[in-house]
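Notes for the one structure printed next.
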Amino acid sequence: DAGITQSPRHKVTETGTPVTLRCHQTENHRYMYWYRQDPGHGLRLIHYSYGVKDTDKGEVSDGYSVSRSKTEDFLLTLESATSSQTSVYFCAMKVGNTIYFGEGSWLTVV
Amino acid sequence: DQQVKQNSPSLSVQEGRISILNCDYTNSMFDYFLWYKKYPAEGPTFLISISSIKDKNEDGRFTVFLNKSAKHLSLHIVPSQPGDSAVYFCAATALTRLNAGGTSYGKLTFGQGTILTVHP
């Protein structure tokens with residue numbers, strides 16, 4: 001158990017609505033990440049954080065924002081959801097030299 | 001530009017035989033490599049890793065080989081079991097830059113994944 005949880009696990013939302021996914025860790029690790037997984041692409045980095053209020057963009061950051069006001073929580077927000085953001089979202093944290101992933105959040109934008 | 005590639009979308013193996021999953025990379029800055037296994041509806045699970053200062057790392061049935069000159073790594077599973085059936089992702093990062101105060105931040109670049117099916 002990597003000590004990382006995501007919520008919600010499943011969500012269906014309408015195009016144009018805002019959506020926030022939450023990632024919570026219990027182990028006070030500094031580095032956290034949000035990835036999305038799509039067929040044929042593996043996992044792609046959306047945003048990452050290297051400390052409280054320290055975040056930066058990954059390779060597929062357009063349409064997403066993040067916030068980290070506390071060490072334990074890393075939030076991913078879709079400001080105005082689009083159908084192209086239908087995906088599985090994985091939060092992760094760095095422990096030593098290894099990245100551990102949460103269980104995933106399945107998001108469908110209709 | 002795909003910096004990490006898994007050119008085999010799928011692999012089918014008989015139980016008890018060896019499974020060999022391959023991965024190629026192009027970025028010379030990558031110096032730490034990881035393999036993850038993923039079951040449907042679950043998050044990726046870390047399997048094994050290797051640093052570029054080594055050419056082999058072994059953990060039970062899993063062995064990872066790294067050929068730096070060819071920018072190629074492979075994961076060997078011996079013997080393969082039906083429970084090994086999953087999607088396998090290789091990932092790479094520039095770890096040295098992170099530990100030396102660089103800007104890698106441990107970000108992983110993933111391959112597309114290989115679906116392994118082990119038949120009883």
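The values are calculated or read from the model by the stated rules, or taken from the named source; none is laboratory data. Remember, it's a predicted structure, so these values are computed and weren't measured experimentally. Cβ placement follows ideal geometry from the backbone for every residue including glycine, while neighbour counts extend to all protein chains displayed. Each accessible area value is taken on the protein alone, full model and side chains, heavy atoms only, with ligands, DNA and RNA left out. Shrake-Rupley method; radii C 1.70, N 1.55, O 1.52, S 1.80 Å.
Things to note:
- Subset of region A:23-44 (residues that are open to solvent by less than 10 Å² (accessible area, probe 1.4 Å), more than 10 Å from chain B (Cβ to nearest Cβ) and over 18 Å from residue A:57 (Cβ atoms)): A:25
- Taking region B:27-67 as the range and being at pLDDT 95 or above, more than 19 Å from residue A:94 (Cβ to Cβ) and hydroxyl-bearing (Ser, Thr, Tyr) as the test, the residues that pass are B:39, B:63.
- Residue count, region B:83-108 (criterion: modelled with pLDDT of 75 or more and of a type in the set (S, T, N, Q)): 2
- Among the residues of region A:44-67, the ones that are among the hydrophobic types (A, V, I, L, M, F, W, C) and part of a loop (DSSP other than H, G, I, E, B) come to 2 in all.
- Residues that are open to solvent by less than 50 Å² (accessible area, probe 1.4 Å) and not in a strand (DSSP E or B) were ranked within region A:68-85; the one that is farthest from residue B:107 (Cα to Cα) is A:81.
- Taken over region A:33-42, residues that are at pLDDT below 95 and part of a strand (DSSP E or B) amount to 2.
- Residues in region B:3-28 that are more than 13 Å from every other protein chain (Cβ to nearest Cβ), over 17 Å from residue B:91 (Cβ atoms), open to solvent by 60 Å² or more (accessible area, probe 1.4 Å) and assigned to a strand (DSSP E or B): 3 in all.
- Qualifying positions in region A:46-61 - facing chain B (nearest Cβ under 10 Å), under 23 Å from residue B:34 (Cα atoms) and either open to solvent by 10 Å² or more (accessible area, probe 1.4 Å) or of a type in the set (Asp, Glu) (or both): A:50, A:56, A:58, A:59
- Residue A:12 vs. criteria out of contact with any helix residue (DSSP H, G or I) (no Cβ under 8 Å at 6 or more places or on another chain), more than 11 Å from chain B (Cβ to nearest Cβ) and free of Cβ contacts under 8 Å to residues at least 40 places away in the same chain: no
- Taking the criterion of being over 16 Å from residue A:36 (Cβ atoms) and of a type in the set (S, T, N, Q), the residues of region A:3-25 that qualify are A:5, A:7, A:15, A:17, A:25.
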